[in-house]
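What follows draws every value from the coordinates through simple rules; no lab data is involved. All values derive from a computational prediction rather than experimental measurement. Methodologically, a virtual Cβ is constructed for each residue, glycine included, from the backbone with ideal geometry; neighbour enumeration extends over all protein chains shown.
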């Protein structure tokens with residue numbers, strides 16, 4: 001009889017909110033803040049956030065940039081509070097690598113700002129909304145390097161032309177066209193940067 005009573009008592013302790021399954025006492029019946037944070041599901045995107053993400057996927061895709069770049073920027077753009085890497089990963093259901101690489105690329109472009117959140121060690125980010133900074137960052141990272149390498153590429157192209165070839169005249173005309181394109185973009189890009197600075 002004593003053995004049965006002991007068994008019942010043990011089961012009652014295990015089922016009690018003050019004890020764990022093994023019978024050891026809990027501090028209380030509620031999960032710790034860390035446990036609650038781990039088990040909490042990320043908030044669903046609002047309709048505005050969904051449409052913003054779709055819009056920037058399209059815009060960044062037109063610039064031949066990865067889909068995840070548009071997703072991350074669209075989320076940050078449409079969210080009032082700063083978000084951490086974990087927030088971005090969870091809300092967009094991205095892999096850790098994609099979220100980290102996307103934020104790193106956006107930071108190098110100047111498209112996101114790192115902000116301080118009181119009492120939190122994790123880095124948090126907001127979207128940069130200045131068209132001047134966005135345009136300048138994109139042109140600096142994606143266009144300027146090509147223009148800077150233009151003279152070397154044109155020189156290599158010219159060296160490949162054989163004067164004795166029957167197609168040399170045609171090839172030189174094409175070389176002249178490409179040189180004209182480089183010259184045109186060299187004049188237009190400063191104007192684009194100046195125009196973007198007004199927004």
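Taking the number of other C-beta atoms within 10 Å as the exposure measure, put 132, 153 in order starting with the fewest.
On the way: 132 16, 153 12.
With the sparsest Cβ surroundings first, the list reads 153, 132.
Among 187, 122, 133, the order by Cβ neighbours within 10 angstrom, fewest to most, reads 187, 122, 133. Mind jotting down the distance between the C-alpha centroids of region 57-112 and region 116-165, whole Å? Cα centres, region 116-165 to region 57-112: 19 Å. Distance between the modelled labels on residue 104 and residue 63, one decimal in nanometres: 1.9 nm (7 Å Cα→Cβ projection).
As a proxy for reagent exposure, ranking 148, 101 by other Cβ atoms within 10 Å from fewest up yields 148, 101.
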